[in-house]
Amino acid sequence: MEKDEIIEKLKAAGIEFDARLGAEKLADLLPQEEGQEEETVEARVLRGYWPTEKQEDRVRKGQIVSVTKDALIDGMESGLLERVK
């Protein structure tokens, strides 16, 4: 899908975005269509982090979370996650 098509879909869905992002990052913002859910895997958190600004949203070290495969790869590259078998 081309970047222009993705931007049009984001605008139609009323989703705010930064047009400077690449096509892959913009595509991640699109809502999943029915029947196209991504498979999730279990991962262990190696470093605690806050996904939002709220203090109570903390994800603690050692916690097991369900993430998409893409998020797992990103987390493994940054040293934040490891795969749980």
Selection status of D74, surrounded by 12 or more Cβ atoms within 10 Å (Cβ to Cβ) and acidic (D, E): yes
Top-ranked residue of the range 38-71 - restricted to ones that are touching a strand residue (DSSP E or B) at 6+ places or on another chain (Cβ under 9 Å) and β-branched (V, I, T), ranked as surrounded by the fewest Cβ atoms within 10 Å (Cβ to Cβ): I64
Residue within the range 26-43 that is part of a helix (DSSP H, G or I), modelled with pLDDT under 80 and acidic (D, E) present: yes
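Results for (1) modelled with pLDDT of 80 or more; (2) in a loop (DSSP other than H, G, I, E, B); (3) hydrophobic (A, V, I, L, M, F, W, C), shown as yes or no for each residue.
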{"position": "L10", "(1), (2), (3)": "yes, no, yes"}
{"position": "E24", "(1), (2), (3)": "no, no, no"}
{"position": "R47", "(1), (2), (3)": "yes, yes, no"}
{"position": "T52", "(1), (2), (3)": "no, yes, no"}
{"position": "G75", "(1), (2), (3)": "yes, no, no"}
Search result, residues across the range 54-73 that are over 14 Å from the mean Cα position of the chain (by Cα) and assigned to a helix (DSSP H, G or I): Q55, E56, D57
Some residue of the range 12-21 being among the aromatic types (F, W, Y), free of Cβ contacts under 8 Å to residues at least 60 places away in the same chain, outside any loop (DSSP other than H, G, I, E, B) and surrounded by 10 or more Cβ atoms within 10 Å (Cβ to Cβ): no
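The values are calculated or read from the model by the stated rules, or taken from the named source; none is laboratory data. Computed from a prediction, not measured in an experiment: that's the story for all the values here. We place every Cβ from the backbone using ideal geometry, glycine too, and count neighbours over all the protein chains shown.
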